[in-house]
1. Would you mention how many residues in the stretch 276-314 are outside any loop (DSSP other than H, G, I, E, B), more than 15 Å from Phe332 (Cα to Cα), touching a helix residue (DSSP H, G or I) at 6+ places or on another chain (Cβ under 7 Å) and at pLDDT 95 or above?
2. Within the stretch 383-403, take every residue that is buried (at least 22 other Cβ atoms within 10 Å of the Cβ) and of a type in the set (Gly, Ala, Ser) and give me the one that is nearest to Arg324 (Cα to Cα).
3. Going by what's in this entry, would Lys319 be described as of a type in the set (D, E, K, R), free of Cβ contacts under 8 Å to residues at least 40 places away in the same chain and within 17 Å of Glu491 (Cβ to Cβ)?
4. Quick one: is Ala407 open to solvent by less than 40 Å² (accessible area, probe 1.4 Å) and over 21 Å from Ala454 (Cα atoms)?
5. Mind checking which residues of the stretch 64-89 are assigned to a loop (DSSP other than H, G, I, E, B) and either open to solvent by less than 30 Å² (accessible area, probe 1.4 Å) or among the acidic types (Asp, Glu) (or both)?
6. Taking the condition of a type in the set (Val, Ile, Thr) and more than 24 Å from the chain's Cα centre (by Cα), does Thr473 pass?
7. Which one of Ala414, Ala358, Ala373, Ala431 is more than 18 Å from Arg301 (Cβ to Cβ) and either modelled with pLDDT of 95 or more or touching a Ser or Thr at 6+ places or on another chain (Cβ under 8 Å) (or both)?
8. Residues being among the acidic types (Asp, Glu) and touching a helix residue (DSSP H, G or I) at 6+ places or on another chain (Cβ under 6 Å): count how many of those fall in the stretch 100-146.
Amino acid sequence: MSSSSLPASPGRRRFLATGAGAALALGGGAGLLSACSSEDAKPAGGADSGKGRSGGTLRAAFVGGGASETLDFFRGPTALDMVRARAWHGTLGNLDPKAEDGVRYGVLQGIDISADLGTYTLRLREDVRFTDGSRLTPADVLHSLRLAGASTLPAFKLVALNFDLKRASTHGAHAVRLPTLRPIADGRLILCQGNFLVVKDGTRRITERTPGCGPFRLTEFVPGQGAAFRRHDDYYGEGPSLDGLELRSIADDQARLNALTSGQVDFAHDLSPVAARTLGKDDRVRLAPSKSPYLVALSFRMNMRSKPFDDARVREAFKLAVDREALVRTVFHGQATVGNDLPSLGFPDYARDLPQRAHDPARARRLLQQAGADGMEIRLTTGPETPGMVEAATLYVEDLRAAGVRASVRELPAGQLFADFAAYSRLPFVAAYQVPVPALPTYQMNTAGGSPSALGWNRPDVDALVARARASTGAKATRTGGKAQRKLWEEGNTVLPVFKPYLNAQAAGVSGIADDLFEQFPGFSHAALR
């Protein structure tokens, strides 16, 4: 439903008025944090410990998709799209490295896996209700998984790439059976990544009238501006402390920072390292960076279809040339972690036993000479797709020059780097970033079989190792998965020098956001205001 067809309810008028106020403040207004919570907050006490008072409306700012935004999260690629959906719809579960299965279940009680790793049984909680009063059924879960499988967004396609959704079935009043396409032991980590959300069976279009079973009830939505919610009082389990939630779309990270420091919002998502550094002297707000495994991997990728990147010596030289510590120190002011040319740091299947690759420009130069590539000319294409991406590319090019490469940077406008992915995958040398997901399922989705996104990497032997690791458990899975990742580390075409957190910031009295686990796209079911 478009904004023009919305009824002019008092609630919507209030939201629009609030949004206008926020816009006026983006240039930097007086500090208003003393009035940051809504006037309808209930009295209580509580320190900043996740157990703040009950009540109030929390306001949060994210990068949105502009006027073309829809409520259909299967089509929305921005942070705001997923955060809005998670506030509204129940999730199967979230990754939780401290939990027994590595996940914390949401609308599920648990997932049972058959001994042959060929069938997953999803057991539903019995106390989940939608905002229309109906109870969650197995048909709702199965329908939602099939919608996800039909999505064009890679994160949602994971389910269809691993489970046979055509043969999936409901089982009794509280279970869904999912056959796998091949034996896999890590299916819980796929289904409970925090992004598989549940809508009612038969849902074809997601509009403002679509019932949800998440912690909040959608009350207002204006594309390009934001959305407002009230607490879903029939939410299963421990319900939210907040009375309400407002999610605002603010594309510019400096504007998000200004909205926070001027008291127009209580939470700002994904600030730049420079902007985050300025918060150190402001005791009204505090930085709340995401923690491992919810870190973004910044990388540079060599296209193995382009010479001389078909030579393993050149690829190794480019990995040795980068000064990872300098990147962490100068680009991210210490707010990042050194990478080791593999993604998925912090996930259980990440190869932790490999040695940390050193910064060795002298050896890089020798390798280039041996390959006949010393003095080679190359252009690194990048763009400001996430804070720090262009700055990291600029510093890396200086490192390559020190190793004897005539390197330069080509910076595209925001939003253009991946806009034509077919063209991107043909470039010889490109910047990239990867959101936090487990290592081996991601390899099978993005890299195996000579996928276009693999940029020329096509290794059936490594594909087979990954498949065997995913069909194993315990030490065998760790050993086999480690072998596959060692091959990537030694011969792969990715330089991954740094993991950066989402540099989120919040008003000093806000608590409990990290308790929602999915820090990549924060949830607010446990958030509270002081």
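The values are calculated or read from the model by the stated rules, or taken from the named source; none is laboratory data. Computed from a prediction, not measured in an experiment: that's the story for all the values here. Please note: Cβ atoms are built from the backbone with ideal geometry, for glycine as well, and neighbour counts cover all protein chains shown. When the accessible area is computed, the model is the full protein with side chains, heavy atoms only, and any ligands, DNA or RNA have been set aside. Shrake-Rupley method; radii C 1.70, N 1.55, O 1.52, S 1.80 Å.
1. Residues that pass the stated criteria total 5.
2. By that ranking, first place goes to Ala392.
3. Numbers: of a type in the set (D, E, K, R): yes; free of Cβ contacts under 8 Å to residues at least 40 places away in the same chain: no; within 17 Å of Glu491 (Cβ to Cβ): yes.
No: the conditions fail for Lys319.
4. Working: open to solvent by less than 40 Å² (accessible area, probe 1.4 Å): yes; over 21 Å from Ala454 (Cα atoms): yes.
Criteria met by Ala407.
5. Looking only at the stretch 64-89, we keep the residues that are assigned to a loop (DSSP other than H, G, I, E, B), and these are 64-65, 69-78, 89.
Passing the criteria: Gly64, Glu69, Leu71, Asp72, Phe73, Phe74, Gly76, Thr78, His89.
6. Numbers: of a type in the set (Val, Ile, Thr): yes; more than 24 Å from the chain's Cα centre (by Cα): yes.
Here the answer is yes, as Thr473 does meet what is asked.
7. Matching residue, one of Ala414, Ala358, Ala373, Ala431: Ala358.
8. Keep residues of the stretch 100-146 that are among the acidic types (Asp, Glu), which gives 100-101, 112, 116, 126-127, 132, 140.
If we keep only those that are touching a helix residue (DSSP H, G or I) at 6+ places or on another chain (Cβ under 6 Å) too, we end up with 101.
The number of residues fulfilling the criteria is 1.
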